């Protein structure tokens, strides 16, 4: 009974935390007007079409990248070299009419290269701030694991707080702000892999994977002469993106979906296969991503399907396998899939079972409703 | 025990999933007890009406005990909140135990636990009951076998009624279970159900309905408008099933529309046919107001003939029936030779042309003693001892037209008086005195005939005694006195009451004759009939007058054996038939003129219109039914009731499923239509073999359903696909979408929420579309399964079945965990902590 009560409190606490999600954080103090459904759909279609002309056979990855953008998260692209990580990041950046910076991370890159530096101006005899590469709407961080931990940390602070602090002065970053980092899982020698805590800042991690045969042939045909990137032009403005983000924030999340989201997180924490489960922050990001996914699907409410859809991308890079599980061949992917396939979907607090067919709807009772 | 605390913490955080079980379970309170009382009243009330099917009231206490024990066991289990299936199982268990305690105390452990010996006893009792059922006529003596069967049936009825009323939530349908009980007396007893039985049953039924109205959780949560039409429809459904059962049962059981049971024949809705198994149904035939089973015959005899169909030779046992004597029967070929010698001086040879018409019996009616029968169709056999003619296999007398040549010795009083030689050459069957002859029969026989000298005189005084003014002919008094039927105990009652009809007189004379040393048997057939006025031309005989007999002329009379003369019929029944000349005790026996008087008739018993006034039935007292629903045939209707019950049980899954669907689709609740439609879709999918997984989202399930069970999305099944898609989308919006407030969703696909009415109808049409497509795309077996044993219902039962085990398992897990927690050092730091260190 003791454990039961604690469970209930945890759930309600988590719910309070999640309810902050539905009350969107204002962007830079002002909130752009939300977009209506039709223009949202049109805009998202334009972006996706544009990205898909450049990257063949990776529409899922493209959609997920857009999801992360609209959910105000940051994206970690992790895969072997040459599968189009950077291309995806660049294409996405180009399709949006906004400032894009690219940082190639190297071991000798300094934090000030990222954030900017105060330089002494001889004429004005004042230190003036030279913004670093991070001052852009979309920042592409290539091979982020090649930079030193200090430099990584500088970027990560920006990612989390959307601001840069240099010499005691804070500079706000533009909105929308999104970091798309790529990371190479092989050839790890001399690199500084992102620690778990920092990986947690990325909303989602996508493995590009190899294209299928048809897509690869298509790529060989179309991309021989010139870089396809050259043909990409912006299809939406940054104001459009801001409006889309507002729309996503207004997507409705029902109690059942919140419960489901929380139960996914709790299941990862309780799984014996995992050493580290998903953090509460990841729950927040999971739900945000689900909202963006729902909006991209043309809905104004989140389904458990949305949560399931983005769960792997959002959670897989945050959880750490137990050593025993890892040695038996489990992967974060397989563990997550196992959890999702076992986790029951709440049936709207309804009386399935018994003989009463009509009674539940008249008096829907959920456990959480009682506990509050 | 509720499920919630037993759930492991892993799923315990999501109480919404199955929270409705503990949460909405109503307080049990007095409901089970009130319902048990109502069921007890109803079932034991219905049992009241079985008095008259069973003789007396001695059996009723056993029945009442059974009903009480079973129904209150159910109530007790229910008030302990046992799982519904457990409750029903407990009902069966208590039924078994009370039956063991009542009937097999000797062979069981502690009176209630059966042993292999009990099974042997059970087998014996069941055989006894089936003998009773097959051979006796109501009211039967309440022997232990039939009482046990009745108790078992009543106990099962309690369980059935209880199951219908509570777990299945169809209180109105309990009427069928009660009706199945009432059908038995209604069809068997002349008084029909009887006032008290009927009133008590109806009172109990109303109590059941009232209880479910007052207490049932269903009734409380549903809107009134939704419930009332549901009950109407259920009532209509129940009624039509009962009707269908009455039509189906006669088809299923061979004895019902053919053969020898007039009661069975009456159930045949497709035409009249009558038969005569006289011992069983004679009283019934006599009470029939319309003359069915008309037989016409033309004869050259100057006296009206008795047509004899069958004889009863064995007077042992509780009730008598014709003996087939199949072992001694010979195939019909040429002459029929009696198995005894007739040394009469003069033989009377008669020719009779008989048209059996619709009379349907394996035994052929023929005048005694047949020498040859011509013109028969089918295979016939005859028995040398009794000279009865019987069709073998399925040959019956129906539509037979035949010519019987018969011969009887010319009998006169003097001839009979001279026949005092000791009886020889007669099978033991006709002389054996049953062991259990009641004292009153012995003493009466001794008083009446003890002093008479020759067998003929003995016969005469017995007949005279029975025809005396002390005895009255009545078809009704045996029914009212509870001794309708036959058998030695009936005979004792008859001799006390001195009122009865031919079967009683005939058996009384036959038994008393045997007691006095005269071989005897009871002949059953037809008393002389009426002239029709027509004539029939028979080859070699010219035109012969035609007579007719029908069911009202059914008759029984004793035949006594006299050495050298053969079997001689007597007529002890007052006001029926014709007393033969030789059987009239004259002041001067063997008077010379009597020798020539053989053909003369008793003046007041002319053949034409047979005296039937006393045979017209009187209105049965207290009976709701008409009197033509006659006496016997307990067994068939017991069987009918059982079969109705079985049919109901077999149809129960379908009924429940249909009821659930109707209730869902009819729901008036604004918000309820969509989720109910969704649940119906889930159940439809389950029925067609695709149950939803617990972790499956509505969208995923819908996709799987459309993929696996619906056909081509672009072809014929496009509508079904669309319907399923819209059901899913509506449900998702209902379940996960913004609550229906005036704020329209920014991304809403369709405008506002449609009105409730539109919702409801579209949900119903969509479900119909999906179901049509499911049915069209499913293989035959799957279709049948979905229609008759829908997995959505049986699965529910299965879950109930598994629930105790699951609960036990969870309990074990919890206990183990609690033990681990209380273990101080070893298990307190969990494995995970260890890893993190």
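Here are the numbers for this structure:
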item: The stretch B:27-219: C-alpha gyration tensor shape, a/c 1.5 cut-off, then a/b vs b/c; result: oblate
item: Residue A:328/residue A:170 FRET efficiency (R0 60 Å; Cβ-Cβ; nearest 0.05); result: 0.80
item: Within 10 Å of each Cβ in B:360-372, the average number of Cβ atoms from other chains; result: 0
item: Rounded, prolate or oblate (a/c below 1.5 giving rounded, otherwise prolate when a/b exceeds b/c) for the stretch A:126-208 by Cα gyration tensor; result: prolate
item: Inter-site label distance for residue B:420 and residue B:379 at 7 Å from Cα along Cβ, in nm; result: 4.9
item: Other protein chain Cβ atoms within 10 Å, averaged over every residue that makes up A:298-310; result: 5
item: Beta bridges per DSSP with both ends in the stretch A:79-232, % antiparallel, nearest 5; result: 55
item: Between the stretch B:31-55 and the stretch A:140-195, the Cα center-to-center distance that results, in Å; result: 83
item: Residue-averaged beta-carbon neighbours from other chains (10 angstrom radius) around B:728-737; result: 5
item: Sorted by Cβ density within 10 Å, fewest first, the residues B:61, B:196; result: B:61, B:196
item: Difference of contour (0.36 nm per residue) and Cα-Cα distance, residue B:788 to residue B:819; result: 6.4 nm
item: Tensor-based shape of the stretch B:371-523 (alpha-carbon gyration tensor, a/c under 1.5 rounded, otherwise prolate or oblate); result: oblate
item: Protection proxy ranking, peptides A:286-299, B:688-701, average beta carbon neighbours within 10 Å, highest first; result: A:286-299, B:688-701
item: Rounded FRET efficiency, nearest 0.05, which uses the C-beta distance separating residue B:335 from residue B:498 and R0 of 45 Å; result: 0.55
item: Residue-span extension gain [residue B:105 to residue B:714] - 0.36 nm each, minus C-alpha spacing; result: 212.2 nm
item: Residue B:802/residue A:46 FRET efficiency (R0 45 Å; Cβ-Cβ; nearest 0.05); result: 0.25
item: Length released on extending from residue B:538 to residue B:89, taking residue separation times 0.36 nm less the Cα-Cα span; result: 154.6 nm
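Rule-based calculations on the coordinates, nothing more; no lab input. What you see is a predicted model, and the numbers here were worked out from it, not measured in a lab. When we count neighbours, we look across all protein chains shown, and the Cβ atoms used for this are built from the backbone with ideal geometry, even at glycine.
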